[in-house]
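Colleague: Dumping the structure here so I can ask a few things about it.
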Amino acid sequence: MTPDPVLLIVIPLLAAFLTPLVALGSKKFARYVPLIGVLAMGVVSLLLLKDLIEVQPRTYGAYNTIESTTGGFQPPFGISLIVTPLGGLITFGMIMVALYVLVTSIQKKEDDKGPWFEMMAMMATAGAVGMVITGDLFNMFVFLEITSISGTILAALPRGNGEKGLNWKGAAGYAVISALASFLILAAIALLYGATSTLNIAQMAERVGSIDTFVAGTALLLMIIGFGIEAEIFPLNGWAPEVYRGSRWGTSTIFSGIIGKAGLIAMLKVVTVILAPALEGNIAMDILLWGGVITFIVGEAAAFTSKDLYRLWGFSSIGMFGLILAAFSLGGENGIYAAVLIMIGHLISKPVLFSLTGAMRHKDRDLPLSVLDGLMGKSRVTAFLFIGAALMLLGMPPSPIFWGKYFLFSGAGGESNWLLVGLLIVGTLLEAGYIGKLLWRVLPKKEEAKAFKLPITTTVMALIAVALGVLLGAVPGLLQDIIDLVVLEFGGAIIILAGVI
Amino acid sequence: MNGLALVFYGGILLLIAVGIWGILSRRNLIKVIMAITIIATGVNLLLVSVGYISGRAAPIVGGDTGIDASSTTGSVVDPIPQALVLTAIVIGLATTALALVAAVGYYRKTGSLELKSWSYGLTNEKEVKK
Amino acid sequence: MMERTTFHRSLPAIALALLFAATLFVAFVEVDFGEPRIEEELPVNYQPGEEIDTENITTPGLRYLANSSEETGSANLVTAVVVNYRGFDTLGEVTILFLAATGVGALLSFIKDDDEKKKKKILPPSLILNKGARLVLPLIILFGVYVFLHGHLSPGGGFQGGVIIASGMLLFYIAEPTKGASHKVISIIESTAGLAFIGLGIVGLMTASKIFLANDFAGDWGEVGMLVSAGLLPLIYIAIGFKVGSEMTGLVEKMRGDGS
């Protein structure tokens, strides 16, 4: 049975409205309401994903989607939700990241004031899911706002006792810049509505061919700036390090795994479906490609020079967003394979790194790299999980990112784009540099080190995640079906993954 | 291009320009938030004017409006942008409220409303000064 | 401290802002101002009131104009779009307001911890304000209720009505700085109204069309233009009215700062 995709939105909204009511009775129990909501979302999205893979027509150029309408009118008259293969996969991945964060942080005593962290984490996920699956441009804006408002609140919730107020700095910056982003997007929506008289993305794509190039170009500019801010693309990401530095690890995970990814996918959706066809040649995709590559280099370089562990992971996430964007915009089978595999690897490894970093943190202090010194001596489990996730992020086999980079290099090399290949090598070397630097601190044992105990939920969840990453890295053929569908969605042909490997 | 378009679009975009200038040149959080609300107002006005059709009535039928349900087509303006603006106004309000609270929190902790040390640089690791 | 910005230092910002606005201006001028762009699909020489074949219309705005009264039973077409055709957006919008109100309360509770000790002195309001507010408050609330009850008939609706009610409460807070509505009551109204909105949406999943937020009773009750008409639409607007009213009141209450 296929569930109605609208449940992916209705369930978290119900849970969100229920949470304050339950909190009036028991604050402790209220924190489980969002967890249950996210679990239910996970079940729905898993069923949707299963359906997408099983019911697919295996013919060239066709792929299955699951659609749903709201308000009782067929699109374009009512708002529709469309779960495409990429949307289904990303939705599932984002919900799993949210589940990881909620399960791992449910025991923390940080918040005796109420279940706000859990509730906002769930709503950020719901908004991100909505952005990915909606078929209506203005509805996408509404979901973007749900995400950025819950993101602002998440960023403002203090870590520990919030002594230095770094959380407020990050939150104020994000509140301002994300508001600017959304009004630029709204201006672009006004322009596109004026030019095409519709808001339905599919219908707009049909009509956009006849509009003026300058109008399409301006809309493209506004959309790239707006979604680029959410997706942390250079040079629009000045706010991001402050948020990563000042907030809790859960917030950082949600920004890097959910909010940024949703911004990225929404940008791709708007640019590839609506705007690229309206412009001549390949200009839209070229902007995204080089924007992505530059973001990758700058992000990894900044991570390399970073002295605070949270900021380091934040910059490394920015670099990964750039890499994923570049891979998608490179296009072709290789590009799409690379993008999806890198995204999966990032979704698996980053929550682990953030949660281990969070477990090591001191109260409201910046986290200098020296906290890692002699981790092997303090806690063997933590050190192994840390090393595993860090190497997975770098792309040491068996890791999905290894295969992702393999396809990316073959794609770039296949088009003889040697500048791109060179830049990608530079970025990867920088990445190897800082991860090596971290491992250099982790590995040596120190006698005087105090033993450090990882909370049991973190251990279990991190173990599951690392094991999953290793499994997918060792047997990437498991992902064949769904990635092929994504390639079809982007209009390419299928490579047999198992055959290549 | 008619004169009305010049007045409407020109005026609205000047308003937006004021907001953008405010964001770019001010570092005081309250002023930046004011600039954001100016941009929000401008964008809302843009949305409404996109739906305007000259000489048409408001999209309400019956009562004293003189428009009955069968003759709406061709006699009233496009209702969609008006509905969108309603949503956008509420969203703008929510954003402003949260930004203000973040500003209050920032002020209480640091005693300052300046976003001066808000880094676009890459290696700004300095502390926020108390 | 005064913020001193010399003119030449803000020149680049001014130039960038004007360039941005000029780009947008050129783009928007391409979108003809005041032209009936949504009516391109109508036959030439169309006169208002003529029959049209709505089957062939693909532009949403035009079809809403042609079919709205029939499909939604609402006399106010903007309400029809807000609550019915684009009801999903409105659900999101209500959620945004809810998140903001909840978030403001949650974040202020972290700020308040620090200045618990500094109790501020409150100046008592003048007699005229105090007594006058008591006189006007019931009327303001009545007007707010009128506006959201008639959302499907006249300009206004749940959002406007809710904001009117909250403005009345703001007046009350100015007149009675020490009193306030209970956080608990506000929170209960807020959540219940939100659940009612989703519940009314789920009614659509249960009834004929099996679609979330569908208004399957549009033509069943009353005529277009009557108070009791438009199916679930006024009910949704009543829920929104309560929700917006309580949320805005909550926002004002929380931002008042001295807690209660």
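All of the numbers you see were taken from the coordinates with simple rules; none came from a lab. These numbers come from a predicted model, not from an experiment. Ideal geometry is used to build each Cβ from the backbone, glycine not excepted, and the neighbour counts take in all protein chains shown.
Colleague: If you scale each eigenvalue of the Cα gyration tensor by 5 and take the root, what three semi-axes come out for region A:331-501, rounded to whole angstrom and sorted largest first? Intermediate values should be presented prior to the final figure.
Modeller: On the way: eigenvalues 235, 65, 29 Å².
Each semi-axis is √(5λ); the values are 34, 18, 12 Å.
Colleague: For the charge dipole of region C:1-103, defined by +1 on Lys and Arg C-beta atoms and -1 on Asp and Glu C-beta atoms about the Cα centroid, which residue among C:GLY73, C:TYR85, C:ALA21 has the Cα displaced farthest towards the positive pole?
Modeller: Going by the charge dipole, the pick is C:ALA21.
Colleague: Here's a follow-up. Once region A:284-354 is represented by equal point scatterers at the alpha-carbon sites, with solvent omitted, what log10 I(q)/I(0) does the Debye formula produce at q = 0.16 Å⁻¹?
Modeller: Debye curve over Cα of region A:284-354, log10 I(q)/I(0) at q = 0.16 Å⁻¹: -0.54.
Colleague: Another one. Considering the convex hull of the alpha carbon atoms of region C:62-160, report its projected area averaged over all viewing directions, in nm², one decimal.
Modeller: Working: hull surface 38.3 nm².
Averaging across all directions leaves 9.6 nm² for the Cα convex hull.
Colleague: Could you tell me which of A:VAL381, A:GLY395, A:GLN480 has its Cα farthest along the dipole of region A:331-501 towards the positive end, charges placed at Cβ (Lys, Arg +1; Asp, Glu -1), taken about the Cα centre?
Modeller: Result: A:VAL381.
Colleague: Towards the positive end of the charge dipole of the protein assembly as shown, with charges on Cβ (+1 Lys, Arg; -1 Asp, Glu), say which of A:LEU13, A:ASN64, C:GLY132 has the farthest Cα.
Modeller: C:GLY132
Colleague: Hey, another quick one. What is the antiparallel percent of DSSP beta bridges lying wholly in the protein assembly as shown, to the nearest 5? Before the final figure, lay out each step's value.
Modeller: Numbers: 9 of 12 bridges.
DSSP beta bridges in the protein assembly as shown are roughly 75 percent antiparallel.
Colleague: To the nearest 20 debye, what charge dipole does chain C have about its Cα centre, counting +1 at the Cβ of each Lys and Arg and -1 at the Cβ of each Asp and Glu? Display every interim value, and only then the final one.
Modeller: Numbers: 19 positive and 27 negative charges, 452 e Å.
For this selection, approximately 2180 debye.
Colleague: What average number of partner chain Cβ atoms lie no more than 10 Å from the Cβ of the residues making up B:23-35? Spell out each step's value before the answer.
Modeller: Details: counts 6, 8, 10, 4, 2, 2, 6, 0, 1, 7, 4, 0, 2.
The shielding value for this peptide is 4.
Colleague: How large is the charge dipole for chain A, taken about the Cα centre, if only the Cβ atoms of Lys, Arg (+1) and Asp, Glu (-1) carry charge, to the nearest 20 debye?
Modeller: On the way: 31 positive and 31 negative charges, 432 e Å.
Charge dipole of chain A: 2080 debye, to the nearest 20.
Colleague: Under a crude label model (7 Å from the Cα following the beta-carbon direction), how far is A:VAL475 from B:LEU14 in nanometres?
Modeller: Between A:VAL475 and B:LEU14, the label points sit 6.9 nm apart.
Colleague: What residue among C:ALA80, C:ALA193, C:ALA13 shows peak mean-square fluctuation when chain C is described by a Gaussian network model with Cα springs under 10 Å?
Modeller: C:ALA13
Colleague: Placing +1 at every Lys and Arg Cβ and -1 at every Asp and Glu Cβ, with all other atoms neutral, what dipole size does the protein assembly as shown have around its Cα centre, in debye to the nearest 20? Before the final figure, lay out each step's value.
Modeller: Numbers: 60 positive and 64 negative charges, 1058 e Å.
Roughly 5080 debye for the protein assembly as shown.
Colleague: Quickly estimate the mean residue ellipticity at 222 nm for chain A, helices only: each DSSP H run with n ≥ 4 gives -39500 (n - 2.57), and the total goes over all residues, rounded to 500.
Modeller: Numbers: 22 runs with 350 residues, N = 501.
Theoretical 222 nm ellipticity from helices: -23000 deg cm²/dmol.
Colleague: May I pose another question? Once you average over the residues of A:17-24, how many Cβ atoms of partner chains fall within 10 Å of each Cβ?
Modeller: Details: counts 14, 3, 2, 12, 7, 1, 3, 5.
Mean number of neighbouring Cβ atoms from other chains: 6.
Colleague: Give me the percent relative contact order of region A:285-402, please, defined on Cα pairs under 8 angstrom at least 6 residues apart. Write down the numbers at each step before the final one.
Modeller: Details: 142 pairs, mean separation 29.2, N = 118.
After rounding, I find 25 percent.
Colleague: A further question follows. Rg to Rh ratio, chain A, alpha-carbon atoms and Kirkwood radius?
Modeller: So for chain A, dividing Rg by the Kirkwood Rh gives 0.95.
Colleague: Rounded to whole Å and sorted largest first, list the principal axis extents of the Cα atoms in region C:77-255.
Modeller: Ordered largest first, region C:77-255 gives principal extents of 59, 36, 22 Å.
Colleague: Would you mind calculating the gained length between C:MET206 and C:GLU41 on full extension (0.36 nm times residue separation, minus the Cα-Cα distance), in nm to one decimal? List each step's numbers first, then the result.
Modeller: Numbers: separation 165, 0.36 × 165 = 59.40 nm, distance 3.52 nm.
Gain in length upon complete extension: 55.9 nm.
Colleague: Separate question: Provide a whole-number value for the mean count of partner chain Cβ atoms within 10 Å of the Cβ atoms in peptide C:54-64. Don't skip to the answer; put the middle values down first.
Modeller: Details: counts 1, 0, 0, 2, 8, 9, 15, 12, 4, 4, 9.
Partner-chain Cβ atoms within 10 Å, mean over residues of C:54-64: 6.
Colleague: Output the peptides C:163-173, C:148-158 sorted from most to least packed, where packing is the average of other Cβ atoms within 10 Å over each peptide's residues.
Modeller: Details: C:163-173: 20.9, C:148-158: 23.7.
Averaged packing, sorted descending, gives the order C:148-158, C:163-173.
Colleague: Would you mind telling me which residue in C:TYR85, C:TYR46, C:TYR146 has the biggest mean-square fluctuation in a Gaussian network model of chain C, where springs connect alpha carbons within a distance under 10 angstrom?
Modeller: In this elastic network of chain C, the residue with the biggest mean-square fluctuation among C:TYR85, C:TYR46, C:TYR146 is C:TYR46.
Colleague: What is the Cα convex hull volume of region A:193-310 when expressed per residue in Å³? Don't skip to the answer; put the middle values down first.
Modeller: Values: hull volume 11.9 nm³, N = 118.
Looking at region A:193-310, the number lands at 101 Å³ per residue.
Colleague: Quick check: the distance between the Cα centres of region C:171-189 and region A:268-283, to the nearest angstrom?
Modeller: Cα centroid of region C:171-189 versus Cα centroid of region A:268-283: 51 Å apart.
Colleague: My understanding is that a pair violates if its Cα-Cα distance is over 28 Å; which of A:LYS350/C:LYS254; A:LYS28/A:LYS50; C:LYS131/C:LYS254; A:LYS261/C:LYS243 do that in this structure?
Modeller: Values: A:LYS350/C:LYS254 37 Å; A:LYS28/A:LYS50 35 Å; C:LYS131/C:LYS254 24 Å; A:LYS261/C:LYS243 32 Å.
The pairs that break the limit, which is 28 Å between Cα atoms, are A:LYS350/C:LYS254; A:LYS28/A:LYS50; A:LYS261/C:LYS243.
Colleague: For helix C:233-255, report the angle its Cα long axis makes with the longest principal axis of the Cα atoms of chain C; keep it between 0 and 90° and round to the nearest 10°.
Modeller: Relative to chain C, helix C:233-255 is tipped by roughly 20 degrees.
Colleague: Place the peptides B:43-51, C:96-104 in order of packing, highest mean first, counting for every residue the other Cβ atoms within 10 Å and averaging per peptide.
Modeller: Numbers: B:43-51: 23.3, C:96-104: 26.3.
Ranked by mean Cβ neighbours within 10 Å, highest first: C:96-104, B:43-51.
Colleague: If contacts are Cα pairs under 8 angstrom and at least 6 residues apart, what is the relative contact order of chain C in percent? Write out the running numbers ahead of the final one.
Modeller: Details: 298 pairs, mean separation 60.9, N = 260.
About 23 percent, as a whole number.
Colleague: Could you give the spread of the C-alpha atoms of the protein assembly as shown along their three principal axes, from largest to smallest, in whole angstroms?
Modeller: 86, 72, 62
Colleague: Right, something else. Calculate the length of the line joining the C-alpha centroid of region C:54-82 to that of region A:237-266, in whole Å.
Modeller: Comparing the Cα centres of region C:54-82 and region A:237-266, I get a distance of 40 Å.
Colleague: Translational D (Stokes-Einstein, µm²/s) of region C:7-72 at 4 °C and 1.567 mPa s when Rh comes from the Kirkwood sum over C-alpha pairs?
Modeller: The calculation lands on 83 µm²/s.
Colleague: Run lengths n ≥ 4 of DSSP H only: what is the helix-derived mean residue ellipticity at 222 nm for chain C, with -39500 (n - 2.57) per run over all residues, to the nearest 500? Kindly include the intermediate steps, with their values, before the conclusion.
Modeller: Numbers: 7 runs with 151 residues, N = 260.
Mean residue ellipticity at 222 nm (helix-derived): -20000 deg cm²/dmol.
Colleague: I've got another one for you. Let me know the Rg and Dmax you get for region C:15-118 when you use only its Cα atoms, in Å.
Modeller: 22.9, 74
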